[in-house]
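Have a look at the structure below before the remarks.
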């Protein structure tokens, strides 16, 4: 009996020691509190050629070096923000291009910028905005952060066809029900759009079927050459948040 009690005591001691030494599984670890969780969902569908892809990547990388964006990051909260970049194209084709990164100052913003600048293009295909939203929601819910706000920033130059993405608005509504805001940036691509009617249809598609949530907003870029300006201004609105985000 004494031997049995000694063995039981030793087992308990080893269990306590292992719990103190071994890392907890991901689901059991505390998530890091941040002011904002932001997914940058970037269109890399076939309508975007190599030059336009480069303009997007360079514009986004430079945005995180810009004084106004860095100032917004440093001004909102002492606990910082968490950002990831996702490439999306056709049905089921969404990939994390830059993993979730903590940003709270100029140095961490510069590190994130460098990751964007060296991230390769990995996707081509059709236009599945609904799939991009669904993937982004899963990425937010599966990361190591707990944000006061969660935002998906969707940018693109085309609408979702019924063949390739029948439910962008359904995925948007699911995101909203989970407290996630979706903002949009439409890019007027003269290579694929026919006329001003196409521009209006693209904007209406994003307005009616993509963006949503409290203070959600939609911006536009007049071609890929204008993307750098538009994404920079959009980031500032998203990082600072309400009431600035809700201004039209």
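The numbers here are math on the coordinates, done by the rules we state, and not lab data. This structure is a prediction, so every number in the text was calculated from the model and none was measured. Because the Cβ atoms are built from the backbone with ideal geometry, glycine has one as well, and the counts that use them run over all protein chains shown.
What to note about this one:
- Counting neighbouring Cβ atoms within 10 Å and putting the fewest first, the residues 205, 66 line up as 66, 205.
- The relative contact order of the range 61-153, computed from alpha carbon pairs under 8 Å that lie at least 6 residues apart in sequence, is 31 percent.
- Computed extension length for residue 102-residue 207: 34.8 nm, one decimal, from 0.36 nm per residue of separation with the Cα-Cα distance subtracted.
- Relative contact order [Cα under 8 Å, 6+ residues apart], the range 32-242, whole percent: 26 percent
- The gain in end-to-end length when the residue 225 to residue 30 segment is fully stretched comes to 66.0 nm, 0.36 nm per residue minus the alpha carbon separation.
- Sorted by Cβ neighbour density within 10 Å, fewest at the top, the residues 182, 48: 48, 182
- Rg/Rg_globular for the range 32-242, with Rg_globular taken as 2.2 N^0.38 Å and Rg from C-alpha atoms: 0.93
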